[in-house]
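Student: Once you've had a glance at the structure underneath, I'll fire off some questions.
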Amino acid sequence: MFDILQYKSIANVAKENNATIVAVTKTKPVEDILMAYNNDIRDFGENKVQELCAKYECMPKDIRWHMIGHLQSNKIKYIAHFVHLIHGIDSYSLLEAVNKEAAKCNRTIRVLLQVHIAREEKKFGFHSAELLSLLDSQKYRDLQHIEICGLMGMATNTSDIEMVKEEFASLHQLYIYIQKKYFDSNKSFCILSMGMSGDYTIALSSGSNMLRIGSILFGHR
Ligand SMILES: *Cc1c(COP(=O)(O)O)cnc(C)c1O
C-alpha cells in the first residue's frame, strides 16, 4: 500500500525546503510503485541490484532509479545503463569501477559519496579525513564518466534526537566545505542525501535536500 496522505504531508515539508523525496520501495511489490507513480512520483530508490533491475524492467521508463544500498563492483554492470543516481559510493576503487562501466555504456553516471556519520560500525561510508584526502589527491578528476553530485549519509538509529542532529549537522558542514573547496566552479555538486522515515524532519532542518523515505509511505517491511 502507498499512503498518499502521508506522502502529501511529507511532500509539503520537503517542498518548503527545496528537497527531493526518493520513494524507497525495497521489498515492496510493483503494485505499490505504480500507485506512487500514478500520484506523480518519479524518483524511486532500491538497495539491491537484482531487485532494482527486476523493477526497472517492468516499470514505466521515465522513472528515475536511485541505487541507495551498498554496491558491489561486480554488479555495477547490471544497472550502469539506466541508473539515475548511485548514493552509496564508499571507496575510490568503487568510483573507478562505476566509471569503467559507465564508459562501456557511453554515458556519465551521477554518484554521491557516502560518509560514515553514525556511531554504528555496521554502516558504510568514507570517514571524513579519508574522503578529504581522496579529494585532495585530485585523481577522481581523471574519471570522465562519473559526475560527483554530492554526499549521502545515514544517522545512528536512535531515539536520541540530539545525537542525530549532531551527525546530520556534521555531514552538512562537510558538504558545504567540500562544495566550496573542490567543486566551486562545478554547479553539479548540489545534493545532500540524508533523512529517512524516522529522522527526515531533523535532516531537513539540518540542510538536507534529498530524503530517502520508505516505511512511512509503504508500510513496515
Ligand atoms: C531502506 C533505506 C531507506 C529508507 O528507510 P525507511 O526508514 O524505511 O524510510 C533509506 N536509505 C537507505 C540507504 C535504505 O536502505
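Any read-out appearing in this document is the output of simple, stated calculations on the displayed coordinates, not a laboratory observation. What you see is a predicted model, and the numbers here were worked out from it, not measured in a lab. Glycine also receives a Cβ, built like all others from the backbone with ideal geometry; neighbour counts cover every protein chain displayed.
Student: So which chymotrypsin sites (Phe, Trp or Tyr not before Pro) in segment 1-85 are both in a DSSP loop and have at most 11 other Cβ atoms within 10 Å of their Cβ?
Tutor: none
Student: In whole Å, how far is the Cα centre of segment 198-221 from that of segment 104-172?
Tutor: 17 Å
Student: Note down the nm distance, to one decimal, between modelled labels 7 Å out along Cα→Cβ at Leu34 and at Ser9.
Tutor: 2.8 nm
Student: Name the residue farthest towards the positive end of the dipole of the chain from the options Met67, Gln114, Asn12, assuming +1 on Cβ of Lys and Arg, -1 on Cβ of Asp and Glu, about the Cα centre.
Tutor: Result: Met67, furthest along the dipole toward the positive end.
Student: While we're here: Would you calculate, for the chain, the mean residue ellipticity at 222 nm contributed by helices, counting each DSSP H stretch of 4 or more residues as -39,500 (n - 2.57) and dividing by all residues, to the nearest 500?
Tutor: Calculated at 222 nm, the ellipticity per residue is -12000 deg cm²/dmol.
Student: Let me ask something else. Enumerate lysine pairs in segment 86-221 that are 8 or more residues apart or on different chains, then count those whose Cα atoms are under 22 Å apart.
Tutor: 7
Student: List the lysines whose Cα sits under 23 Å from the Cα of Lys8, skipping any in the same chain fewer than 8 residues away.
Tutor: Lys26, Lys28
Student: Quick check: net charge around His87, other residues with Cβ under 14 Å of its Cβ, Lys/Arg +1 and Asp/Glu -1? Provide the component values of the computation, followed by the final result.
Tutor: Values: positive: Lys26, Lys48, Arg64, Arg110, Lys123, Arg212; negative: Asp43, Glu46, Asp90, Glu147.
Counting the neighbours of His87, the net charge comes to +2.
Student: With a sphere of radius 12 Å drawn around the Cβ of Phe189, what net charge do the other residues whose Cβ falls strictly inside it have (Lys, Arg +1; Asp, Glu -1)?
Tutor: Working: positive: Arg110, Lys180, Lys181, Lys187; negative: Glu147, Asp184.
Around Phe189, the charge tally is +2.
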